[in-house]
Ligand code: ASP
């Protein structure tokens with residue numbers, strides 16, 4: 001009965017508030033300077049968008065992105081400006097570092113090597129897409145990004161078109177994984193554009209992953225350490241999910257219950 005926009009915000013907020021969920025919100029992993037900087041964006045079926053990037057001290061950056069969308073003439077605020085806006089809007093400001101993150105970061109400093117590990121440990125994102133009973137779509141994406149990233153690094157997750165895209169007449173898509181590659185290929189927009197031209201959500205996710213893989217090959221870049229995953233939903237409620245390599249799962253919730261699905265992948269390992 002709730003509307004899609006409220007649902008996506010409320011859904012991801014559960015993860016943002018959970019300090020054991022180490023890739024978003026409170027307890028999100030820090031950058032190489034030991035600062036937890038969060039990225040998030042939100043989009044509704046009408047094309048309203050809001051986004052914050054490299055934002056410190058705010059647990060619910062999803063709600064802050066929504067506040068940017070609804071209470072400012074802009075679509076994106078970054079860094080200190082995002083935190084300042086949060087303060088003005090009455091968001092509590094707090095330390096997002098938890099003892100486990102502190103310990104991991106201290107250990108990481110011993111070598112200070114930036115090495116993303118596919119699927120686990122140092123990155124992950126919560127992306128939620130919702131189609132409500134009135135047929136309205138919305139999406140929200142929130143993350144602490146790559147652990148031990150350079151301070152100021154922004155990934156795909158707060159970039160509309162890359163980490164998230166919603167077309168109220170077609171469908172919605174969101175991404176997780178190596179943000180630089182998703183930005184390069186405008187991943188989520190690519191998925192929705194494919195759906196617009198008649199591909200199913202599943203086919204559209206597969207097309208986008210294949211295209212990303214082609215970009216790797218074309219650029220002669222190794223992709224051994226990279227994972228990319230997309231999920232998508234159409235206005236008819238069909239869903240799809242696909243990843244570059246195994247290990248990507250996603251949940252589909254409907255009136256019939258919740259299913260956790262393991263996505264097929266382009267590569268075998
Ligand atoms: N896409 C996120 C980023 O690059 C990280 C992830 O989803 O794993 O910041």
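Yes/no matrix, rows are residues, columns are (1) part of a helix (DSSP H, G or I); (2) crowded, with 17+ Cβ neighbours inside 10 Å; (3) at pLDDT below 95:
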residue: 210; (1), (2), (3): yes, no, no
residue: 215; (1), (2), (3): yes, no, yes
residue: 223; (1), (2), (3): no, yes, yes
residue: 226; (1), (2), (3): no, yes, yes
residue: 247; (1), (2), (3): no, no, yes
residue: 253; (1), (2), (3): no, no, no
*Are there any pairs, at least 6 apart or on different chains, whose C-beta atoms fall under 6 Å, with the first in region 118-142 and under 15 Å from residue 228 (Cβ atoms) and the second assigned to a loop (DSSP other than H, G, I, E, B) and at pLDDT 95 or above, and if so, which?*
125/157; 141/157; 141/163
*Might you let me know whether region 133-156 holds any residue that is within 8 Å of the ligand (Cβ to nearest atom), assigned to a loop (DSSP other than H, G, I, E, B) and farther than 19 Å from residue 105 by Cβ?*
yes
*Please tell me if residue 103 is farther than 23 Å from residue 188 by Cα, buried (at least 23 other Cβ atoms within 10 Å of the Cβ) and more than 13 Å from the ligand (Cβ to nearest atom).*
no
*Somewhere in region 197-208, is a residue buried (at least 18 other Cβ atoms within 10 Å of the Cβ), free of Cβ contacts under 8 Å to residues at least 12 places away in the same chain and either in a strand (DSSP E or B) or under 19 Å from the mean Cα position of the chain (by Cα) (or both)?*
no
*Do you know which of the residues in region 29-50 that are within 16 Å of the ligand (Cβ to nearest atom) and out of contact with any strand residue (DSSP E or B) (no Cβ under 6 Å at 6 or more places or on another chain) is farthest from residue 109 (Cα to Cα)?*
36
*Could you identify the single residue in 132, 80 that is surrounded by fewer than 12 Cβ atoms within 10 Å (Cβ to Cβ) and at pLDDT 95 or above?*
80
*Within region 169-196, how many residues are within 16 Å of the ligand (Cβ to nearest atom) and in contact (Cβ under 8 Å) with a residue 24 or more places away in the chain?*
18
*Given the conditions (1) free of Cβ contacts under 8 Å to residues at least 60 places away in the same chain; (2) loosely packed, with under 15 Cβ neighbours inside 10 Å; (3) at negative phi, report the number of the one that residue 241 does not fulfil.*
(2)
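The values are calculated or read from the model by the stated rules, or taken from the named source; none is laboratory data. What you see is a predicted model, and the numbers here were worked out from it, not measured in a lab. Cβ: placed from backbone, ideal geometry, glycine included. Neighbour counts: every protein chain shown.
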